[in-house]
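S.K.: Next up is a structure, given as structure tokens.
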Amino acid sequence: MTLKVLAACGQGLGSCQIITMKLNSVFKKMGIEAKVTSSNVSMAKSTATSYDVLFCGQTLLPNFKAAESKGVVLIGLKNIVSEKEMEEKIQEAIACGKIKTE
């Protein structure tokens, strides 16, 4: 199963690309097949329900409450360049049963 992941940031430029690169690296390291897409907040709000998981900076989380209510797993990042934080939060979501990898 390929996990559909959305990385969202304010403008959809540099921050999103950094999150996407880091997430691709983390998922590969963890042996999880994932397709990571990036978007700005306004586009992400309208497409979020098409994804399994959405990553963004913690300050952007309130924008995606509607998607969360429809089953999208929201993961807010304190540090968008920290692969360690990403891996920990993915592991936590898997352990809680929020993210299914099989």
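The values are calculated or read from the model by the stated rules, or taken from the named source; none is laboratory data. As the structure is a prediction and not an experimental result, all values here were calculated from the model. In this analysis, Cβ positions are derived from the backbone assuming ideal geometry, glycine residues included, and neighbour counts consider all displayed protein chains.
S.K.: Which of the residues belonging to the stretch 54-92 are β-branched (V, I, T), in a helix (DSSP H, G or I) and modelled with pLDDT under 95? Talk me through it step by step, then tell me what you get.
M.R.: Here is the first cut: in the stretch 54-92, the ones β-branched (V, I, T) are 59, 72-73, 75, 80-81, 90.
After this cut, where a residue has to be in a helix (DSSP H, G or I) as well, the list is 59, 90.
Selection gives T59 alone.
S.K.: Can you tell which of M86, M43 is among the hydrophobic types (A, V, I, L, M, F, W, C) and in contact (Cβ under 8 Å) with a residue 60 or more places away in the chain?
M.R.: Values: M43 fails: in contact (Cβ under 8 Å) with a residue 60 or more places away in the chain.
None of the others qualify; the one that does is M86.
S.K.: Could you grab me the full set of residues in the stretch 14-34 that are closer than 18 Å to N63 by Cα and not in a helix (DSSP H, G or I)? Please lay out each step first, then the result.
M.R.: Start the filter on the stretch 14-34 by keeping residues that are closer than 18 Å to N63 by Cα, which leaves 15-16, 19.
Scanning the stretch 14-34 gives no hits.
S.K.: Let me ask something else about it. Collect the residues in the stretch 58-95 that are closer than 18 Å to V36 by Cα and among the basic types (K, R), keeping them in residue-number order.
M.R.: Across the stretch 58-95, the qualifying residues are K84, K89.
S.K.: Scan the stretch 4-51 for residues that are of a type in the set (D, E, K, R), under 19 Å from S82 (Cβ atoms) and either surrounded by fewer than 17 Cβ atoms within 10 Å (Cβ to Cβ) or within 9 Å of the chain's Cα centre (by Cα) (or both) and report the count. Walk me through how you get there before you give the answer.
M.R.: Let us first name the residues in the stretch 4-51 that are of a type in the set (D, E, K, R), namely 4, 22, 28-29, 33, 35, 45.
Right, trim to under 19 Å from S82 (Cβ atoms) and you get 22, 28-29.
Now drop any that are not either surrounded by fewer than 17 Cβ atoms within 10 Å (Cβ to Cβ) or within 9 Å of the chain's Cα centre (by Cα) (or both), which leaves 28-29.
The number of residues fulfilling the criteria is 2.
S.K.: Oh, and also: Return the residue satisfying two criteria in turn: it lies in the stretch 52-100 and is among the polar types (S, T, N, Q) and surrounded by 14 or more Cβ atoms within 10 Å (Cβ to Cβ), and of such residues it is farthest from T2 (Cα to Cα). Give the derivation first.
M.R.: First, pick out the residues of the stretch 52-100 that are among the polar types (S, T, N, Q): 58-59, 63, 69, 79, 82, 91.
After this cut, where a residue has to be surrounded by 14 or more Cβ atoms within 10 Å (Cβ to Cβ) as well, the list is 63, 82.
Working: N63: 25, S82: 23 Å.
Restricting to residues being among the polar types (S, T, N, Q) and surrounded by 14 or more Cβ atoms within 10 Å (Cβ to Cβ), the top hit is N63.
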